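The values are calculated or read from the model by the stated rules, or taken from the named source; none is laboratory data. Note that the structure is predicted; figures quoted are calculated from it, not measured. All Cβ positions, glycine included, derive from the backbone under ideal geometry; neighbour counts span all protein chains shown.
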Amino acid sequence: MSSRIPTIRQSKLALPAEMILDIISRCATNELAVCALANSTFKVEAERRIYRKIVLTSVMGPRLSQCLETLATVPKKAALVRYFSTYRRLSLRGTPLAHLGKALINMVSLDELRLPMKMKSMVVDRALQHCTFSLKKLCISMTSIDSPWLLKQASLTSIGVYEFPSSKTLPKILAWFQRLSQAKSANEVLIIYGMSIYSCRIDIITAFPVYTPAWSAHPIRSSLDNEAGVDDIYMFQVYLESLANEDVLRSVLGSIATYFSEIQHLYLRVRDANVHKYPALCWSADNTASDETYQQQRHLLAEHWARNSDTLLRVEFPDGGGSNRNMETGVWGV
């Protein structure tokens, strides 16, 4: 008895599914376009691969508008998109902006969205309210962080925010982050982080373990793998509930050292800095009981925390004081 070999699509030329996928996987983007046009056998899988990841860049010229028009007017193709990203200086008006709004609605299978638009757009905001996709990862600008549609994204595991706020607007943003985190169930983890951009590269990461008990730096690193200069990030700013929990500190700082090994500056912040200016903490660098405040142990704590981070040069504490490592001797001091 002969067994039937499964095919991706029935056509005049029926090839095994494995062979078609192998051929498609070896094709460059321009070759995939030829495959999609030349043979119906390859059309479905070629288009699936072409539209799976859409990255709009400044060098695309007229092709950028053409891409948006296709996604806005051909829902079948837009439904293939799993990853959609625009460059940070994107500025759309008129028809291209309207196409972006319709395209977002049509991308029903989207997993990851990176939309760092500097200017707030009512067209985009209205479109996002009607989107039915279920995102896992999201990177947006400060102009969109307080949009109600975010609360509907129950599958989100990480939210990155471009152009992090000033100290004046930070309390409002922190309150919104807390609301987003509390919307998750007890067994779900949402990692929220901010990104400061300098010369088109990310140089500072701000993280919020204060809102996430099982916090890890891994989702941040994973989300930034497509960003330029991710290995050049030199500063990590961490918001904690307090400095009193040694286990939380060890876990958070160890995770940062593991996934961001090139960090040079570590800034520790707490929810209410005023109550932590002179705390009588009951732990020390060697895990023995101590009646000293952390201000008397800064250099010991910094040395202890930096054991897994060869590049760390400065640790700054919530009261503004810090400890620096001598680059020649490796000794930590004030």
Would you be able to say whether some residue in the stretch 135-147 is without any contact (Cβ under 8 Å) to a residue 60 or more places away in the chain and more than 27 Å from residue 271 (Cβ to Cβ)? yes
What pairs come out if I take residues in the stretch 190-207 that are outside any strand (DSSP E or B) and pair them with residues that are modelled with pLDDT under 85 whose C-beta lies under 6 Å away, six or more apart or interchain? 190/181; 190/184
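Here is a yes/no grid of residues against (1) of a type outside the set (Gly, Ala, Ser); (2) touching a Lys or Arg at 6+ places or on another chain (Cβ under 7 Å); (3) at pLDDT below 85:
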{"position": "243", "(1), (2), (3)": "yes, no, yes"}
{"position": "250", "(1), (2), (3)": "yes, no, yes"}
{"position": "258", "(1), (2), (3)": "yes, no, no"}
{"position": "261", "(1), (2), (3)": "no, no, yes"}
{"position": "281", "(1), (2), (3)": "yes, no, yes"}
{"position": "284", "(1), (2), (3)": "no, no, yes"}
{"position": "292", "(1), (2), (3)": "yes, no, yes"}
Can you pull out the residues in the stretch 79-98 that are crowded, with 16+ Cβ neighbours inside 10 Å and farther than 25 Å from residue 222 by Cβ? 92, 96, 97, 98
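Inside the stretch 70-188, counting only strands (runs of 3 or more DSSP E) that do not spill past its ends, which hold 2 or more residues that are at pLDDT 90 or above, in the same structural domain as residue 209 (by TED's automatic domain parsing) and more than 30 Å from residue 50 (Cβ to Cβ)?
It comes to none.
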Count of residues meeting criterion [under 16 Å from the mean Cα position of the chain (by Cα) and surrounded by 15 or more Cβ atoms within 10 Å (Cβ to Cβ)] in the stretch 115-161: 21
When restricted to 232, 225, the only residue closer than 30 Å to residue 55 by Cβ, touching a strand residue (DSSP E or B) at 6+ places or on another chain (Cβ under 7 Å) and modelled with pLDDT under 80 is 232
Tell me yes or no: at least one residue of the stretch 21-32 is within 21 Å of residue 121 (Cβ to Cβ), polar (S, T, N, Q) and in contact (Cβ under 8 Å) with a residue 12 or more places away in the chain. no
